[in-house]
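The values are calculated or read from the model by the stated rules, or taken from the named source; none is laboratory data. Source: prediction; values computed, not measured. FYI the Cβ positions are ideal-geometry reconstructions off the backbone, even for glycines, and counts take in every protein chain you see. Just so you know, the surface numbers come from the protein's heavy atoms only, side chains and all, with ligands and any DNA or RNA stripped out. Shrake-Rupley method; radii C 1.70, N 1.55, O 1.52, S 1.80 Å.
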Amino acid sequence: MITTDLHPVDEEGAQEFRSRTSETYARIHGDVVSGKLKPGVKLKIEQLREEYDVGATPVREALSFLAADGLVVREDQKGFRVAEVSADEFEDLLAVRCMIEERALRLAISRGGRKWEEGIVLARFRLSGVGRIEGNEAEWERHHRAFHMSLLAACGSSLLLRLSKQFYDENNRYRHLSRLNHATTRDVRGEHEEIAEAVLARDTDRAVGLLVEHYTKTGNLLRIALKDLATDGHG
């Protein structure tokens, strides 16, 4: 038996509660990463409960998980708010993300087997089959995330994988907030192909170099966009 909102529930009720919490977490998470919930905005339980049509307890649980992810900040006696963004934080995020994923990718290449390789091939195929066009962003983002995580999947460290997913989401939030789009001269699809080929060939140094270069190119564009946001008074 567990208790929600001061009422004991049986195992079936507990499972339903966990499901509601997971769904609420996913929805708030998506709204934070997409920028719908702006940096610094206070997250009021009652407003979120009405917005997502769910009880107060799942909302509180979801916000606690998001605080652990770094996307939400818990303030003593003040509740929750969306984490702020800054150019300095982004620089730190980019540097740490590259270090974490370099380690994870090196481990994955040394430990990965046939199943891991097949996962990369499948993720690359699915990503290449989705155009990054207006109205299709959500599907592209889902496959893009799956592709990058497939590269690291065989690293053997749940902590490295968890941190990689967290940093991916935090980086994605910066990209959405800065309104960075795909209208650049970069061949992002080509970059993904090169990274995948180097990984599958077990060319560790080249694979790591290409991955870091891939993130650095995005970082350079984000750096410019963040400066523009600050100039406009939105940063």
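For region 54-123, run through the GluC sites (Glu not before Pro) and keep only the ones in DSSP coil with at most 16 other Cβ atoms within 10 Å of their Cβ.
Hits after loop and neighbour filter: 84.
When the Kirkwood radius is taken over all Cα pairs of region 87-232, what Stokes-Einstein diffusion coefficient follows at 4 °C and 1.567 mPa s, in µm²/s?
Rounded to a whole number, D works out at 83 µm²/s.
Mind running the shape call on region 20-82? Use the C-alpha gyration tensor, a ≥ b ≥ c as the square roots of the eigenvalues: rounded below 1.5 for a/c, prolate if a/b tops b/c, oblate otherwise.
Rounded is the answer for region 20-82, as its axis ratio a/c remains below 1.5.
So between residue 159 and residue 50, what do we pick up on full extension, going 0.36 nm a residue minus the alpha carbon distance?
35.8 nm
With a 1.4 Å probe and all protein chains in place, put 216, 57 in order of accessible area, largest first.
Of 216, 57, the descending order of accessible area is 216, 57.
Of 37, 58, 25, which is farthest towards the positive pole of region 20-82's charge dipole, taken about the Cα centre with +1 and -1 on the beta-carbons of Lys, Arg and Asp, Glu respectively?
37
Which whole-angstrom value gives the distance between the alpha carbon centres of region 55-76 and region 110-170?
If you average the Cα positions of each part, the centres end up 26 Å apart.
Of 152, 212, 164, whose Cα points farthest to the positive end of the dipole of region 87-232 (charges on the beta-carbon: +1 Lys, Arg; -1 Asp, Glu; origin at the Cα centre)?
152
Which of the peptides 39-46, 28-35 is most tightly packed, and how do the rest follow, judged by the mean count of other Cβ atoms within 10 Å per residue?
28-35, 39-46
According to a simple spin-label model (label point 7 Å from Cα along Cα-to-Cβ), what is the distance in nm between residue 99 and residue 75?
3.0 nm
Can you give the accessible area of residue 24, probe radius 1.4 Å, in Å² rounded to 10?
Counting only protein heavy atoms, residue 24 exposes about 10 Å² to solvent.
Quote the charge dipole size of region 87-232 about the Cα centre in Debye, to the nearest 20; the model charges only the Cβ of Lys and Arg (+1) and of Asp and Glu (-1). Don't jump to the answer; show the numbers that get you there.
Details: 23 positive and 24 negative charges, 99 e Å.
It works out to roughly 480 debye.
In region 64-138, which trypsin sites (Lys or Arg not before Pro) fall in coil by DSSP and have 16 or fewer other Cβ atoms within 10 Å?
Details: sites: 74, 78, 81, 97, 103, 106, 111, 114, 115, 124, 126, 132; in loops: 78, 132.
Counting only loop positions with at most 16 other Cβ atoms within 10 Å, the trypsin sites (Lys or Arg not before Pro) in region 64-138 are 78, 132.
Is region 67-129 best put as rounded, prolate or oblate by its Cα gyration tensor, with a ≥ b ≥ c the root eigenvalues, rounded for a/c under 1.5, and otherwise prolate when a/b is larger than b/c, oblate when not?
It is prolate, given that a/c is not under 1.5 and a/b is the larger ratio.
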